[in-house]
Amino acid sequence: MKIQYLLCLLLVNVVACQQKATCQQNTNGAVIRASIKKETDSIFNKLVGIRRDFHANPELARKEIRTQQKIAQYLLGLGLEVDTSIYGHSVTGILKGGKKGKKIAWRAEMDALPNSFPDEVDFKSTINGVQHGCGHDVHMAIALGIAEVLAKHKASLHGTVYFIFQPEEETFIGAKKMIGNGLLAKIKPDEIYGLHVTALPAGQIMVRPDELFAWQKKVQIRLKDELTKEQANELSKNIYMLLSRAKTGSKPWEIQNISDSQIGLSNPNTIFTDYLIMDEKFTIYHKNGELFLEAYLYETDSAKLKNIIPAIDQLIAANNYKDKLLSISFTQANPTVINNKSLTGIAVKTLNNIYGKGYVVADYGQAPFFNDDFAYFQQKIPGVFFFFGGSNIEKGMIAMNHAPNFKVDEACIRTGVESFSSLIIERLKK
């Protein structure tokens, strides 16, 4: 009886200690979250100003000189170590916490787009033919905001955070070049995160494991220059009809519907699954006595990619052009963003635990037309890339990337800084 009593007493003490520890952790977590919110609010207007400065002074890939200087200066002002030697106009900010922990990287793109779309804001681009029409100005502002918030927690921060400001994303070169020049070998992060503003409601965070986008390929068909214009057009039409695939009655090429509650990415019955979208109008040209047919295609099922070239080959033979065929190949086949399944689940659970169930919206489809060279980082280390809403319909702001009059509700900057600062702090402790 005495032994049983002592065991019961011990068990009661253990449970009490566990409850006390859990209560202490919850209290500490609440204090930290309150601090993050307060700090984010205090720098919000400054971050909006930074975003607008980047927007008014956009720089194309390989020309991010001013952008690099602004970022490096800001990070140095926060007390971070800064490395601009890795590649091109890249910047890597290094924040070493006061406690031991893991290494986490956050990546933001720097370059702008070559276009002259309407830009109806007071802080519009001052550079003719160059605009931040993809949201990279917002990405940089959020990353700098996260750096500033976390820098204020440096003493209590576990591990190290690396802020990778990457140039040349629009040309799909920057990430690969930074890795090739030894970035990851130098900093050795355990995990990497990033986001992309898109036409979801402002501040909405959406993610899915595995492929975030459809696989993008550019197919080229080389033939002897013996087909008439009409024959070439008819052949390209037949290839389009053969390969194109979508759910009955759906139009997954209408990307403006990604935020639609009934058919968009957030609905389990989304139209953005099981499709192959292809350019209906091929690029057809003649060169050095040869005929070229080229088109982009977007396939959601990676297993079906290997069937595309054989299917085209068979169709060409069926059209009696086998003797005129020289080659079929993918002339562009970039990797696609593939979110680490385990880490995605952990990130979603972490954010939902902090901000409430359903805070992160599940993505049930794959977005066509877009891609991101963040994929190269994910080939080396576990990584998660989030869709991040920037639209506000009531204010007439539609954050549809690469589209005329691309606009972002800057309120999303506040949400991005607060949410992902919290995520990083929690992940560092694990």
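The numbers here are math on the coordinates, done by the rules we state, and not lab data. Treat the numbers as computed from the prediction; the structure is a model and nothing was measured. Here the Cβ is made from the backbone with ideal geometry for all residues, glycine too, and neighbour counts use every protein chain on show.
Between the range 353-381 and the range 405-430, the alpha-carbon centres lie 14 Å apart.
The loop-placed trypsin sites (Lys or Arg not before Pro) in the range 311-384, going by DSSP, that have at most 11 neighbouring Cβ atoms within 10 Å of their Cβ come out as 357.
As I understand it, the value is the acute angle between the Cα axis of helix 65-77 and the longest principal axis of the Cα atoms of the chain; what does it come to in degrees, rounded to 10? Long axis of 65-77 versus the principal axis of the chain: about 10 degrees. Which entry in [x] 44, 27, 21; [y] 38, 25, 19; [z] 46, 28, 17 matches semi-axes √(5λ) of the Cα gyration tensor in Å derived from the coordinates of this structure? Among [x] 44, 27, 21; [y] 38, 25, 19; [z] 46, 28, 17, the one derived from this structure is [x].
Computed packing ranks the peptides 36-45, 386-395 as 386-395, 36-45, most packed first, by mean other Cβ atoms within 10 Å. To the nearest ten degrees, helix 308-318 and the longest principal axis of the Cα atoms of the chain are 10 degrees apart. In this model, which of 154/430; 251/306; 357/429; 217/349; 218/324 are farther than 28 Å apart at the alpha-carbon? Check vs 28 Å cut-off fails for 217/349.
Selection among 85, 249, 261 by position relative to the dipole of the chain gives 85 as farthest towards the positive end (Cβ unit charges, Cα centre). No solvent, one uniform scatterer per C-alpha: report log10 I(q)/I(0) for the range 215-332 via the Debye equation at q = 0.09, 0.10, 0.21, 0.23 1/Å, two decimals. For the range 215-332 at q = 0.09, 0.10, 0.21, 0.23 Å⁻¹, log10 I(q)/I(0) is -0.28, -0.35, -1.13, -1.29. Its Cα centre serving as origin, the range 215-332 has a Cβ charge dipole (Lys and Arg +1, Asp and Glu -1) of approximately 160 debye. In terms of its alpha-carbon gyration tensor, the range 300-430 comes out prolate; a/c meets the 1.5 threshold, and the first ratio a/b outweighs b/c. You can think of it this way: the chain between residue 128 and residue 187 has 17.5 nm of extra reach, that is 0.36 nm per residue less the Cα-Cα gap. Over the chain, what is the relative contact order in percent, taking alpha-carbon pairs closer than 8 angstrom and at least six residues apart? Relative contact order here is 22 percent. Looking at the chain, the DSSP beta bridges with both ends there are about 60 percent antiparallel. Highest GNM mean-square fluctuation among 49, 264, 93, for the chain modelled with Cα contacts below 10 Å: 49.
With springs only between Cα atoms under 10 Å, which of 222, 33, 208 fluctuates most in a Gaussian network model of the chain? The residue with the greatest mean-square fluctuation here is 222.
Relative to the longest principal axis of the chain, what angle (0 to 90°, nearest 10) does the C-alpha long axis of helix 2-56 take? For 2-56 against the chain, the angle is about 50 degrees.
Quick check on the range 134-195: take the gyration tensor over C-alpha atoms, sort the square-rooted eigenvalues as a ≥ b ≥ c, and tell me if it's rounded (a/c under 1.5), prolate or oblate. Oblate.
Peptides 200-206, 287-293 ranked from most to least packed give 200-206, 287-293, packing being the mean of other C-beta atoms within 10 angstrom over each peptide's residues. When both the range 66-92 and the range 140-166 are represented by their alpha-carbon centers, they are found 13 Å apart.
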